[in-house]
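Let me begin by presenting the structure, written as structure tokens, before commenting on it.
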Amino acid sequence: MKELFVLLFTLPIFSFAQEAKKMTPFALEFAPKWQRAKEYTVKVAEAMPEEFYAYRPTEEVFTFGEQMTHIIGNLRRLCSRMIKAEKNTLDYDYWVKNTNERTKQEILDELNQSFDYVAEALENINEAQLNEMVQFQIEQPRKDIFHVMRNHATHHRAQCVMYLRLKGITPPRGSWW
């Protein structure tokens, strides 16, 4: 019985270790940062009441909901085109143009799925693919696109934090380490 308990207890740990061995060193380092970025972005999106998703501080800027759908579209577009080299499955223009027709929950669901889409690509990319040069504004290694996506999401999430403050809502605390 003791052997069965040890086997059942260690099997998931062994399985995780085996999976981690398949990931590149870059992916192993970047994945926890990506997960924290996802978690904080989702917390920010959850903090804004649904009735304020159409809030726009000035006419020139995105609404809160458009900020979130812009993050969604950017993650899908960059990951599909620059990382996976496949057709983008999300109609970005439709999503952004029709943000106000989306519920908060639909946006949250797609936000989670988009971060997971990038995480899945990160888990499955190999070293040669990471180091392959791609053209996005400048020629750069494909792995740099992961940083571009994280920086872009951070930029728009920070704007959403300001929207929360402008509405008198205390933003959620982030976990930076």
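Would a scan of segment 68-78 turn up a residue that is loosely packed, with under 14 Cβ neighbours inside 10 Å, out of contact with any Cys (no Cβ under 7 Å at 6 or more places or on another chain) and of a type in the set (A, V, I, L, M)?
No.
I need a count of the residues in segment 115-139 that are at positive phi and surrounded by 13 or more Cβ atoms within 10 Å (Cβ to Cβ).
Number satisfying all stated conditions: 0.
Select, from Trp177, Trp95, the only residue that is more than 21 Å from Thr69 (Cβ to Cβ) and either of a type outside the set (Val, Ile, Thr) or modelled with pLDDT under 95 (or both).
Trp177
The values are calculated or read from the model by the stated rules, or taken from the named source; none is laboratory data. Just so it is clear, the model here is predicted, and its values are computed rather than measured. No Cβ is skipped: glycine too gets one built from the backbone with ideal geometry, and neighbour counts run over all protein chains shown.
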